[in-house]
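Below is one structure, written out as structure tokens; the observations come after it.
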Amino acid sequence: MKVTFEDALNDCLDRMAEGEDINKCVAGYSEYADELVRLLEAARSTMQANSSLTFSPAAKARGLAKLNRALSRQRPSSRWRLRGIHFRSVPRPVLLGIFAIVITFGAVGSTTAASSDSVPGDPLYWLKSLKERALLVMPRSEMGRAEAHASLASERGEEVRRLIARGKIHEAEDTMLRLNEHLNASAGYVGVLIFGDPLEMPTVRLSGRPSLTASTLKSSLKQDGTLMRVEMLRLLHDAPGPQQRRIRLMFRQSDLGYRVLLDALDGGSVSISPFVQAVPPGRYVR
Amino acid sequence: MLAKIGSQNEVSDLVMKAQEGDQSSFALLYERFFDQIFRYVSFKTGSPTEAEDITGEVFVRMIESIHRFKWQGHPFSSWLFRIAHNLIVDYFRKKGKKALVPLEGSADNLRSAHVDVDRRIDLEIAMDEIRRAMEGLTDLQREVISMRFAGGLSVAETARAIGKKDNAIKALQHAGLKKLRMTLAAENSLPVLLHQLEG
């Protein structure tokens, strides 16, 4: 089937955008050559003019700060899934009601106690998750929520250590991700955003948020971070050879997560890794 | 082509995570699309200062509306460019300006480390010529040219953004380029233009 002129033109435009020479494009459509060349030259001038338009790094950084401010107005969404149920869709009063019913009926009381020590994969872990979800919706203040998330980060840390001790490394790695999610959520509620990704997004202190007294939170985080460090070192020492690399990575992830958050809460400016940097408050305020 | 597919999978993954509230995904989407959106807005408005504000607003609207975005065969890029397009329309409506205005030092945002003064002036002149020529296009032709060449969108993405079929976009592209070429050739600008742009 004969290629239409418009299809030939479009093909050459796409190839030019990838850097191919006009003449090479046109060689494949000899019947349209003259007209193609004329139009492609006009296109090339437009493309070249636009490719020369670049933005300054400062402009991009200002845009990122604006994005961060907009994100700070959003509530972190901690979507929990339990056997296909999306807790985010369940209204808060319903969740509290469920939790109240669970506690009120004593027959379940001992079960809930037993579930406290459960780890992902255990039969009663769903009950523990349910309790924790209810705990997250209860606090009314931002500091309350920050502390709740920090407490859950500590709980995830405990689970990570138990899973490693049981040799369930994959489950431990998944739980480690959730630990850092709780730390990030805690950070968000006290006015800090942390990006730990290869694009070197810096930690920023958000403007406009009230200055929250975080001494209790910092104290908890320091204790939890120290406990995690000590216990992970012990587990690393005792682990069989094939598991050590993965455990070492989890150790670094948890250590980094706590150190970055603590440093950001202290308003520090110490570069912690190539990929995450804590900056003084207000640096990215427009 | 494979790289493009991989990239689309990455974008869809980021969008899903962003819709679930993962804040780092928003930042990654910003990084992925900032360049394209800024160039498109800069080309349409002719003002780097305005382009910066509008581009920032595009991503704020992205945050506010991303929960409404649904994968119904429309690329995320098209959805984002539609937001940008609507903001530009609002901008011009408020300013009471035509869709294109003469450039206001649009080459000012060139990184000075890489461009000398003469080159900057050449580029300013070149862009001004192109923009004047673009005024002779219809709104749709201009939109297609802007999205395709400034925004770097594919035909399919442009079609979804504008709400037209792929063949219509190709036809608009053809007609727009033809008119552009005629205007530039009539003013004998094209040879000079190419020389200026190729440095």
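Each reported figure results from applying straightforward, stated rules to the coordinates on display, with no laboratory input. Computed from a prediction, not measured in an experiment: that's the story for all the values here. Because the Cβ atoms are built from the backbone with ideal geometry, glycine has one as well, and the counts that use them run over all protein chains shown.
Listed by chain and number, the lysines whose C-alpha is less than 19 Å from the C-alpha of B:Lys164, apart from same-chain residues fewer than 8 away, are B:Lys70.
Counted over segment B:137-179 with a bin width of 10 Å, the fraction of Cα pairs per bin, in whole percents, is 36, 61, 3. Among the residues of B:18-28, the average count of other protein chain beta-carbon atoms within 10 Å of the residue beta-carbon is 6. Most tightly packed first, judged by the mean number of other beta-carbon atoms within 10 Å of their residues, the peptides B:51-60, B:14-23 read B:51-60, B:14-23. Partner lysines whose Cα lies under 18 Å from the Cα of A:Lys60, excluding those fewer than 8 positions away in the same chain, are not found.
Sorting B:137-150, A:237-250, A:117-130, B:160-173 by average packing, meaning the other beta carbons within 10 Å per residue, from highest down gives B:137-150, B:160-173, A:117-130, A:237-250. Averaging 1/r across all pairs of distinct Cα atoms in segment B:35-90 and inverting the result yields a Kirkwood radius of 11.4 Å.
What separates the Cα centres of segment B:1-79 and segment A:221-262 is a distance of 36 Å. Among residues other than A:Ser115 with Cβ under 11 Å from its Cβ, the summed charge is -1 (Lys and Arg +1, Asp and Glu -1). Look at the stretch A:36-44: the mean tally of other chain Cβ atoms within 10 Å of its residues' Cβ atoms is 6.
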